[in-house]
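Here the structure is laid out as structure tokens; the discussion comes afterwards.
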Amino acid sequence: MQCTSFPDDLVGLQADWLRTYRMLAARPATAGTTPLRRRLIVLSCAISTHPYWSRPARTAGGPAELRRAAGTRAWGRAA
């Protein structure tokens, strides 16, 4: 497995995406989920257009590794 180093801002965006998604999943559909859905769209756009993805040396498993790195960061903050 290759160790991938992501920029802190990209990992932060993904961590925010994961946190927002969890908040959305915990909310009932009738509780006004539009702001959270919009936030996910904005974060998804920011993640997918980040300059990191235009680097030639990136790996095919980058998005999955990014989610793992963001999940690790989220667990580190919760502890």
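The values are calculated or read from the model by the stated rules, or taken from the named source; none is laboratory data. What you see is a predicted model, and the numbers here were worked out from it, not measured in a lab. Ideal geometry is used to build each Cβ from the backbone, glycine not excepted, and the neighbour counts take in all protein chains shown. The protein model used for the area step is the full one, side chains on, heavy atoms only, and it has no ligands, DNA or RNA in it. Shrake-Rupley method; radii C 1.70, N 1.55, O 1.52, S 1.80 Å.
Before moving on, here are some points about what is shown:
- All conditions but one from (1) open to solvent by less than 70 Å² (accessible area, probe 1.4 Å); (2) touching a residue at least 24 places away in the same chain (Cβ under 8 Å) apply to ARG19; the one that does not is (1).
- Region 39-73, residues that are in a helix (DSSP H, G or I) and either at pLDDT below 85 or open to solvent by less than 30 Å² (accessible area, probe 1.4 Å) (or both): LEU40, LEU43, ILE47, TYR52, GLY62, PRO63, LEU66, ALA70, GLY71, THR72, ARG73
- Pick from region 27-38, criterion in a helix (DSSP H, G or I) and at pLDDT 85 or above, ranking: most open to solvent (accessible area, probe 1.4 Å): ARG38
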